[in-house]
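Only one structure is covered here, and it is reproduced in the block below.
The values are calculated or read from the model by the stated rules, or taken from the named source; none is laboratory data. No experiment lies behind these values; they were computed from the predicted model shown. Glycine gets a Cβ as well: all are built from the backbone with ideal geometry, and neighbour counts include every protein chain shown. Protein only, heavy atoms only, side chains kept; ligands, DNA and RNA dropped before computing areas. Shrake-Rupley method; radii C 1.70, N 1.55, O 1.52, S 1.80 Å.
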Amino acid sequence: MSAREPKVVFERVSKTFPKKKEVLQVLQDIDLSVAEGEFVCLLGPSGCGKSTLLNIAGGFEEPTSGTVRIDGQLVDGPNARRVFVFQEYGIFPWASVWDNVVLGVRHRPRSEQHEIAQGVIDLVGLTGFEKAYPMELSGGMKQRVEVARALAVSPDVIYMDEPFGALDSLTRLTMRAELIRIWNTRKPTVLFVTHDVDEAIQIAERIVVFSARPGRVAGVVDVPLEHPRDLSSHAYADIKRELYGLLGVVQAV
Ligand SMILES: Nc1ncnc2c1ncn2[C@@H]1O[C@H](COP(=O)(O)OP(=O)(O)OP(=O)(O)O)[C@@H](O)[C@H]1O
Ligand SMILES: [Mg+2]
């Protein structure tokens, strides 16, 4: 893993927000390097600054101090070609599956647009639904459209902020497996925010655990388990225990 190039590098990133006469310290001295093609989960309690960190990494917020670089270049504003921000309700309700995917690559030559769109629609398992509109799709299928949209633009990095939060638990499991299958074929760099410990262990190569606000890196845990992961294995339980320890949560259920 160390042979991989660093893709996204956070250096001493801190963020405060003004709050009445005081300031709210949300993130403190975040140092983190994400490798090219790596799948990293950011795990932490609600309010610890995970979304804020993704917003900074996407150029939507400025850090109070510190820097974020992608391929060595300073992030100083949003850039749709470099970063795809996966949104829970990001697809256009008025456009078909096909158009939702093609919209992201409309600057490319027409012949290429077709090839790209069909390729990613097939990859996410929506073949035959090209003409369907979002209202005709289930929640999981809408998420597949969003994944297809992300892959179509071949961004350097994909940011996902609790993307499967609104899905039922069975569909979430399926989507996690699907996301990993798809990630394995294209290997984009993914930063995936979650506060679900199991979700993080099921999908990530590496989990960065944040402390409660102000968010600091409490620890980094590798998940060296093959996919599909055996959720009842000792190795899985050991990682879960380690994560709960870092989160300061007593696991007694
Ligand atoms: N634009 C803003 N102005 C002021 N305060 C903000 C702003 N954005 C976020 N905050 C505050 O920063 C803190 C961290 O918010 P953030 O959304 O990053 O947390 P989070 O870790 O993503 O939480 P959750 O898991 O609940 O989504 C919160 O206390 C929030 O109120
Ligand atoms: Mg959040």
Subset of the stretch 145-163, residues over 19 Å from L54 (Cβ atoms) and of a type in the set (G, A, S), comes to A148, A152, S154
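Every residue, every condition in (1) modelled with pLDDT under 95; (2) more than 13 Å from ligand 2 (Cβ to nearest atom), yes or no:
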site	(1), (2)
R4	yes, yes
T16	no, yes
E61	no, no
R69	no, yes
G90	yes, yes
Scan the stretch 187-226 residue by residue and report those that are on the phi > 0 side of the Ramachandran plot and in a helix (DSSP H, G or I).
-> none
Subset of the stretch 160-194 [surrounded by fewer than 19 Cβ atoms within 10 Å (Cβ to Cβ), of a type in the set (D, E, K, R) and within 16 Å of ligand 2 (Cβ to nearest atom)] | E162
Strands (runs of 3 or more DSSP E) completely within the stretch 1-69 that count 3 or more residues being loosely packed, with under 15 Cβ neighbours inside 10 Å and either in the same structural domain as D161 (by TED's automatic domain parsing) or more than 16 Å from ligand 1 (Cβ to nearest atom) (or both) = 6-19, 22-35
Scanning the stretch 98-154 residue by residue, the ones that are in a helix (DSSP H, G or I), among the charged types (D, E, K, R) and over 21 Å from the mean Cα position of the chain (by Cα) total 6
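Residue-wise test of (1) open to solvent by less than 40 Å² (accessible area, probe 1.4 Å); (2) in contact (Cβ under 8 Å) with a residue 24 or more places away in the chain; (3) outside the structural domain of P188 (by TED's automatic domain parsing).
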{"residue": "S111", "(1), (2), (3)": "no, no, yes"}
{"residue": "E130", "(1), (2), (3)": "yes, yes, yes"}
{"residue": "M135", "(1), (2), (3)": "no, yes, yes"}
{"residue": "K142", "(1), (2), (3)": "no, yes, yes"}
Please name all residue pairs, on different chains or six or more residues apart, with Cβ atoms under 7 Å, provided the first residue is in the stretch 215-233 and is closer than 13 Å to A200 by Cα and the second residue is of a type in the set (S, T, N, Q).
-> R229/Q202
In the stretch 241-253, how many are in a helix (DSSP H, G or I) and within 30 Å of R12 (Cβ to Cβ)?
-> 6
Filter result for the condition that a residue is of a type outside the set (G, A, S), at negative phi and assigned to a loop (DSSP other than H, G, I, E, B), over R229, R176, R181 = R229
Scan the stretch 78-87 and give yes if some residue there is more than 26 Å from L246 (Cβ to Cβ), over 16 Å from the mean Cα position of the chain (by Cα), modelled with pLDDT of 95 or more and away from ligand 2 (no atom under 16 Å from the Cβ), otherwise no.
-> no
